[in-house]
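Read the structure below first, then the notes.
The values are calculated or read from the model by the stated rules, or taken from the named source; none is laboratory data. Predicted model, so just to flag it, every value in this text is computed and none were measured. Here the Cβ positions follow ideal geometry from the backbone for every residue, glycine too, while neighbour counts run over all protein chains shown.
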Amino acid sequence: MSAPGLLLVVAVAVLYSGGFYLLLQRSLMRVVLGIVMLGHAANLSLMLTDEAITLPPLLGGPQGEISDPLPQAMALTAIVITFGVTTFLLALAYRVWLGDNNDEVPDDLEDRRIGRLREPEDSS
Amino acid sequence: MNLMIAVPFVVPLLGAALALLLRRSPRAQRVSSAVTLAVVVAGATLLLDTTAGGAVAVTQAGGWDAPLGITLVVDPLSALLLLVSSVVLLLVLLYAVGQDISGLSRAMPQVFHPIYLVLTAGVCLSFMAGDLFNLFVGFEIMLTASYALITQALTRERVRASMIYTVVSLTSSILFLTGIALVYALTGTVNLADVAEKLGGAPPELRAVLALLFLVVFGIKAAIVPMHFWLPDSYPVAITRISAIFAALLTKVAVYAIIRTQTLLFAGDDISSVMLWIAIATMVVGILGALVQDDINRIMSFVLVSHIGFMIFGLALNTVAGIAGVLYYLVHHIVVQATMFLVNGLVRQYVGHTSLRSIRGLTAVSPVLALFFFLPALSLAGMPPMSGFVAKVALFEAGAQAGGWLVWTALVAGVLTSLLTLMAIFRVWVRAFWGTPLPDMLEARAELRRGPDVAGRRVMAVTTGAMVGAGIAVTVGAGPLLEIAFTAAEDLLDGDAYIEAVMEGAT
């Protein structure tokens, strides 16, 4: 595998693991950052599908050879989608912060309440 | 080029643009949205007619031929789901219009109408997409619309729920994208028919990995155990019309995607034992969750999770009878689940919430409401002669034919789940519908009767009644529906008709 290809593989691995780690954190800001990293990871793996990634796109090199445009088109679409949704997530995280004055992911209150329903019976 | 196929996708998008333009005049907006969805229903009916007998209709949007162009495919399965979904979408829209007229909802109609139609377009595109990337785009259109819809009438609770919902859906979308990248690296194409042909030569281990990855991707969206935690946290919190349409359609679109990918792309791979275990876990965990909840909407959400298990079970059998059973189950479940949530919305009129702790004697407050709850609830629990019973019998029969200890274990789990569903439903029935009504419920009824918003409430009641009627139609029409389901299932397991129809222009 060529050097740029290997570099991409390492980058993808780091982005996926970092992204999932952040996704599992309590702070909403970290969750959003995790999503951003995961989005980059997926887009880079789309790039990885092209073995000739080092070739220029569209206009061609000396022999007129070009890299595969399809993964790039797909990555472009995916970037637009992840970008849009990330903005939305940020807006939501801001609303959570406005409401609660912190950006922690709260416990599931309904579950807690249903868990407590059993307690009076136990104690009596 | 067959223009008819594009109707269920293009018309709602145009309708959404129109609804946006008409936002200053609510009445025109309502009419245009309803007409748009009626056109989609008509288009879907025609498509179902074209695909009768197992024909596959294909159009290459943009004029590029199959492996490169954007392929839209309608086979009997897609056509059936398009029709059922569009009917449910139309009825829920009318219900929402009723709510808006009566002023019972805090949702903003000028926002709701355009986004709802975009959601419709996304759902329809997902059913028709002929390549993986387009399926991804269809999913994204649907999900992005759903992110906006779930935040309607925003409260603190809803902010929290939509955060969970968005993050989980987005994670699954990103995994989907990864799956697409892997498939493209392996085969050099994303066209479903082309991938199906080229995957045949790939190493079986790689194909098994891809099959499992796609099962996880769509499994998150279909809320199969152990990836179901987000659903009962987010769906019940949204406003009635939204939770109705989410519960009815979004998980089912994911189930459709599982059916499509597993039968077409990974036909030769045997992950059926994994799927059977998943089915057992989904059925049992879901229904046990339903038994301890005390909010009707949350109970229904857990029942929804549990019944996804039945669909996975039928698919895992990998026989014509099994898949036909799943397809009928899908149709039944889309209609019945939407009805249950609409009925819960009607309950909310009297008490302002759906918590079992302070609802008593709804039968005395509104006998019609009790009937509207009772019929779909029996169907959901699989009591004869309702459609749920027909669907379950079809699935169990297919299971008994397939045999094997794991299948029998799943069958026992399925019967157990049916009984426990009945128990969950009767818990709701006994606690909410029997007994003497609470005084404030009678007051609420008196106030509603005096209120100036009777027309809107009548629309809500009539559309809920129509949904109950649609549920009964699914029961009465079980014969022809199962016939379509069998044709579709044969098509799915064969696969050649689909591949040939798509690749025709390519050579």
In this structure, does A:THR49 turn out to be in contact with a Pro (Cβ under 7 Å, 6 or more places away or on another chain), under 18 Å from B:ASP131 (Cβ atoms) and at the interface with another protein chain (Cβ under 10 Å from one of its Cβ atoms)? yes
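Residue-by-condition table, conditions (1) loosely packed, with under 14 Cβ neighbours inside 10 Å; (2) more than 7 Å from chain B (Cβ to nearest Cβ):
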residue	(1), (2)
A:LEU59	yes, yes
A:PRO62	yes, yes
A:GLU65	yes, yes
A:PRO69	yes, yes
A:ILE79	no, yes
A:PHE83	yes, yes
A:THR87	yes, yes
A:LEU92	no, no
A:ARG95	no, no
What pairs come out if I take residues in the stretch B:368-395 that are touching a residue at least 40 places away in the same chain (Cβ under 8 Å) and pair them with residues that are part of a helix (DSSP H, G or I) and among the basic types (Lys, Arg) whose C-beta lies under 6 Å away, six or more apart or interchain? B:GLY382/B:LYS392
Considering only the stretch B:249-257, I want to know if a residue exists there that is polar (S, T, N, Q), crowded, with 24+ Cβ neighbours inside 10 Å and within 29 Å of B:SER86 (Cβ to Cβ). yes
Would you check if B:THR189 is polar (S, T, N, Q) and in contact (Cβ under 8 Å) with a residue 60 or more places away in the chain? yes
Which residue pairs have Cβ atoms closer than 7 Å, lie 6 or more positions apart in sequence or on different chains, and pair a first residue in the stretch B:89-101 that is on the phi < 0 side of the Ramachandran plot with a second residue that is among the hydroxyl-bearing types (Ser, Thr, Tyr) and assigned to a helix (DSSP H, G or I)? B:LEU89/B:THR120; B:LEU91/B:THR463; B:LEU93/B:SER33; B:LEU93/B:TYR116; B:LEU94/B:THR463; B:TYR95/B:THR463; B:TYR95/B:THR464; B:GLY98/B:THR463
Would you say B:ALA145 is outside any helix (DSSP H, G or I), hydrophobic (A, V, I, L, M, F, W, C) and touching a residue at least 24 places away in the same chain (Cβ under 8 Å)? no
Output the number of the condition that B:THR36 fails; it satisfies all remaining conditions of (1) under 12 Å from B:VAL73 (Cα atoms); (2) in contact (Cβ under 8 Å) with a residue 60 or more places away in the chain; (3) of a type outside the set (A, V, I, L, M). (1)
Taking the stretch B:426-451 and keeping only residues that are without any contact (Cβ under 8 Å) to a residue 60 or more places away in the chain, surrounded by 13 or more Cβ atoms within 10 Å (Cβ to Cβ) and among the β-branched types (Val, Ile, Thr), one is left with none
Within the stretch B:123-160, work out how many residues are small (Gly, Ala, Ser) and either closer than 21 Å to B:PRO67 by Cβ or surrounded by 24 or more Cβ atoms within 10 Å (Cβ to Cβ) (or both). 5
Could you please find all residues in the stretch A:32-43 being within 9 Å of chain B (Cβ to nearest Cβ) and closer than 10 Å to A:TYR16 by Cβ? A:LEU38, A:ALA41, A:ALA42
All positions within the stretch A:11-27 that are in contact with a strand residue (DSSP E or B) (Cβ under 7 Å, 6 or more places away or on another chain) and among the aliphatic types (A, V, I, L, M): none
Taking B:GLN152 as meeting all but one of (1) over 21 Å from B:THR261 (Cβ atoms); (2) polar (S, T, N, Q); (3) in a helix (DSSP H, G or I), write down the number of the exception. (3)
Give the stretch B:317-367 a look and list any residue that's polar (S, T, N, Q), in a helix (DSSP H, G or I) and either under 24 Å from the mean Cα position of the chain (by Cα) or buried (at least 24 other Cβ atoms within 10 Å of the Cβ) (or both), or say none. B:GLN337, B:THR339, B:ASN344
Flagged in the stretch B:456-507 as of a type in the set (Gly, Ala, Ser), touching a helix residue (DSSP H, G or I) at 6+ places or on another chain (Cβ under 6 Å) and part of a helix (DSSP H, G or I), in numbering order, are B:GLY456, B:ALA466, B:ALA470, B:GLY471, B:ALA478, B:ALA485, B:ALA488, B:ALA489, B:ALA497
Of the conditions (1) within 23 Å of the chain's Cα centre (by Cα); (2) not in a loop (DSSP other than H, G, I, E, B), B:ALA52 fails just one. Which one is it? (2)
Quick one: in the stretch B:354-392, of everything that is among the charged types (D, E, K, R) and modelled with pLDDT under 90, which residue is nearest to B:ASP295 (Cα to Cα)? B:ARG357
Of all the residues that make up the stretch B:101-134, how many are touching a Gly at 6+ places or on another chain (Cβ under 7 Å) and in a helix (DSSP H, G or I)? 6
Collect the residues in the stretch B:455-471 that are surrounded by 13 or more Cβ atoms within 10 Å (Cβ to Cβ) and more than 18 Å from B:THR339 (Cβ to Cβ), keeping them in residue-number order. B:GLY456
Residue selected from the stretch B:129-180 under the condition within 10 Å of another protein chain (Cβ to nearest Cβ) and acidic (Asp, Glu), by the criterion farthest from A:ASN102 (Cα to Cα): B:GLU140
